[in-house]
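To start, the structure itself, in structure tokens.
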Amino acid sequence: MYDYLIAGAGFAGSVLAERLAHAGKHVVLCDKRPHIAGNAYDHFDDAGVLVHKYGPHIFHTSCRRIFDYLSKFTKWRPYEHRVRASVDGKTVPFPINIDTVNQLYGLQLTAEQAPGYFASLADPSAAGRTSESAVVSKVGRDLYEKFFKNYTRKQWGLDPSELDASVAARVPARMNHDDRYFTDEFQAMPLHGYTRMFENMLDHDNITLVLNADYRELLREMRFREIIYTGPVDAFFDYRYGKLPYRSIDFRFETHPRERYQSAAVINYPNEHDYTRITEFKYLTGQMHPHTSIVYEYPTAEGDPYYPVPRPENAELYEKYRELAKATHNVHFVGRLATYRYYNMDQVVGQSLALFDRLTENEESEPPQSQAA
Ligand code: FAD
Ligand code: UDP
């Protein structure tokens, strides 16, 4: 009898496997994919360039506890992510900052003038709960239409007026010259990649890893005290209340026989093409290589579930699944798909560490079981 079956070897499942194993529990960690690391999986492509199979993953957090926890399994490469957007024939900094509007409109605004300038564009009467209102109320309709409207329609298959404000609020405009994508205190990439970091995390005698396996197959073959589930919550309940929408992406990779492909790690294309953005991995990884690999992202409704879709009707449907999940004894739901939250990696690590604390809070007085038990 094992203590835990953990379904999914992404951040949620792997952090819990590591913590529980370290606490003396015996854990089977499975994934239906042929690899660990979930959507953070990276690998060397045919040309030998390190690429992220499920799109660009940049680690950033403001939480020291999370950064320190992951630092047990990897060294880091300091990296501050920068993105540019292709708008009106120019490639300008994104999120919108002073230089974005200066370059776009041929202005020479200073940091002192910027707040007044953005205030003159803003439409406070537009304030509300949607992504459209979040942007228009801060920077006005013209910048909204140039940068947000069409990108969002491509990414989500929905107009920004149909999505929660929190989606566009991930990339707020700035009144300064800061052109980094994130402003968190800790911004870095695992020095040898995410997959290597996960390998180090899962290197423990108490963890049995089973790849290419749906957790349901293992439930038929082995016995477990409890289950931790990190896949899509609606799938766990056989879509009892209908499908929860998850957005997917078709990733198309290319390798080019030159050192650099584009002028920034990521270039967004709000208004051109069917893809949203192109990422060039060598910026992220710092790898030296005579070739370079890039990925185009084509958003789709069908395919692997990657993004929960934040809007009121989906929150309502998720709430019904959450009630079911709460009533399902000995099964714990955690991670981006299982709790239907548009979480970054660090947030999933934080959520998983919190679940570990809850799972073990009553055991503190007990000594950990020995590995041979
Ligand atoms: P996942 O990584 O999705 O892992 C869940 C695992 O469960 C999967 O491997 C799946 O195969 C497995 N599974 C599902 N069902 C079953 C089953 N029935 N049986 C067995 N296994 C099952 N975050 C950042 O912090 N920075 C970024 O730059 C960033 N960029 C991103 C870019 C893209 C394109 C995407 C899609 C996400 C990005 N994220 C980023 C978010 C990040 O990927 C997630 O926060 C994180 O990977 C979630 O981890 P998880 O364990 O919850 O889920
Ligand atoms: N967004 C946009 N234009 C851009 C970049 C982002 O409209 O050039 C909006 C879009 O709705 C996107 C959201 O902001 O889905 C969040 O962007 P982020 O880069 O955080 O998305 P992710 O990296 O999670 O795909």
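Key figures
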quantity: Members of the range 214-255 found to be closer than 30 Å to Lys282 by Cα and without any contact (Cβ under 8 Å) to a residue 60 or more places away in the chain, listed by number; calculated: Ser248, Asp250, Arg252, Glu254
quantity: Count of the range 35-61 residues which are touching a strand residue (DSSP E or B) at 6+ places or on another chain (Cβ under 9 Å) and either within 12 Å of ligand 1 (Cβ to nearest atom) or of a type in the set (D, E, K, R) (or both); calculated: 18
quantity: Of all residues in the range 185-229 being part of a helix (DSSP H, G or I) and among the aromatic types (Phe, Trp, Tyr), the one that is surrounded by the most Cβ atoms within 10 Å (Cβ to Cβ); calculated: Phe198
quantity: Residues of the range 166-178 that turn out to be in contact with a helix residue (DSSP H, G or I) (Cβ under 7 Å, 6 or more places away or on another chain) and more than 11 Å from ligand 2 (Cβ to nearest atom), as a count; calculated: 4
quantity: Residue within the range 262-269 that is touching a strand residue (DSSP E or B) at 6+ places or on another chain (Cβ under 8 Å) and of a type in the set (Val, Ile, Thr) present; calculated: yes
quantity: Some residue of the range 257-274 being part of a helix (DSSP H, G or I), more than 14 Å from ligand 2 (Cβ to nearest atom) and in contact with a His (Cβ under 9 Å, 6 or more places away or on another chain); calculated: no
quantity: Pairs with Cβ under 6 Å, 6+ apart, first in the range 60-80 and more than 24 Å from Gln287 (Cα to Cα) and of a type outside the set (Ser, Thr, Tyr), second modelled with pLDDT of 95 or more and crowded, with 16+ Cβ neighbours inside 10 Å; calculated: Ile66/Asp346; Ile66/Val349; Ile66/Gly350
quantity: Sole exception among (1) in contact with a Lys or Arg (Cβ under 9 Å, 6 or more places away or on another chain); (2) not in a strand (DSSP E or B) for Val92, by number; calculated: (2)
quantity: Matching entry among Ala338, Ala354, Ala301 (being among the small types (Gly, Ala, Ser), surrounded by fewer than 19 Cβ atoms within 10 Å (Cβ to Cβ) and touching a residue at least 60 places away in the same chain (Cβ under 8 Å)); calculated: Ala301
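The values are calculated or read from the model by the stated rules, or taken from the named source; none is laboratory data. Computed from a prediction, not measured in an experiment: that's the story for all the values here. Using ideal geometry, Cβ is built from the backbone for each residue, glycine included, and neighbour counts are taken over all protein chains shown.
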